[in-house]
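The values are calculated or read from the model by the stated rules, or taken from the named source; none is laboratory data. Because the structure is a prediction, the values reported are computed rather than measured. In this analysis, Cβ positions are derived from the backbone assuming ideal geometry, glycine residues included, and neighbour counts consider all displayed protein chains. Heads up: the accessible areas ignore ligands, DNA and RNA and are worked out on the full protein's heavy atoms, side chains in. Shrake-Rupley method; radii C 1.70, N 1.55, O 1.52, S 1.80 Å.
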Amino acid sequence: MKIGENEIISSRVFDVSRELVFRAWTTPDLLAQWWGPQGFTNTFHEFDLRPGGTWRFTMHGPNGVDYPNYSVFVEIVPMERIVLDHLSGHEFRVTATFEDVEDRTKVTFRQLFKKTEEFEQVKAYCIEGNEQNFDRLGKLLAGLAS
């Protein structure tokens, strides 16, 4: 994990193929199972995976609070990269990249915030949330691979 100018960069290597990781990021039923910090669940309302397509969903927190989310996909390069703009609440661009590392896959997750003050408010819990997100993705991938 690294902190840049208004940016959080998290990465992890998973013991599965890039195809499987990309599928977990681009298949709504799979994505809904792991997206978000520990204890959160998701209801997807729209998932239009193409440049200009929208992703609308509600994250349900373990405290009973619902968090509506709205994003627009900017770029999709199969097996390599997904770029989206998160436009609800704090605005930031997500860039997820997928790299082969021998027979494993390195995922790099970048969050670039529009406003410095918002970045400073959320970076502490975003860093932890991203790690929990990767933990949840790892559990899903292990189950899919077995």
Loop sites in segment 49-127: GluC sites (Glu not before Pro), DSSP, at most 14 other Cβ within 10 Å: GLU80, GLU91, GLU102
Under 12 Å, Cβ to Cβ, from GLU99 - net charge with Lys/Arg +1 and Asp/Glu -1: +2
Estimated 222 nm signal from helices in the chain, with DSSP H stretches of n ≥ 4 weighted -39500 (n - 2.57), rounded to 500: -10500 deg cm²/dmol
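Ignoring ligands, DNA and RNA, what percent of the 1.4 Å accessible area of the chain is carbon and sulfur?
Ligands and nucleic acids excluded, carbon and sulfur give 51 percent.
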Per principal axis, descending, Cα span of segment 1-87 in whole Å: 34, 30, 28
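So, in the chain, how many Lys pairs have Cα atoms under 23 Å apart, if the pair is 8 or more places apart or on different chains?
Counting lysine pairs in the chain gives 8.
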Cα-centred dipole magnitude for the chain, charges only on beta-carbon of K, R (+1) and D, E (-1), debye, nearest 20: 80
Mean-position separation - Cα centroids, segment 132-146 and segment 99-118, in angstrom: 17
Relative contact order of segment 1-73, pairs being alpha-carbon contacts under 8 Å that are 6 or more residues apart, as %: 18
Accessible area (Å², per residue) of the chain, counting only protein heavy atoms and a probe of 1.4 Å: 52
Within segment 78-143: Cβ-based charge dipole about Cα centre, in debye rounded to nearest 20 (Lys, Arg +1; Asp, Glu -1): 100
Over the chain, relative contact order from alpha-carbon pairs under 8 Å, at least 6 apart, %: 28
Principal semi-axes in Å for the chain [√(5λ), Cα gyration tensor, largest first]: 22, 18, 16
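Please arrange LEU87, LEU30 by accessible surface area, largest first, computed with a 1.4 Å probe and ligands excluded.
LEU87, LEU30
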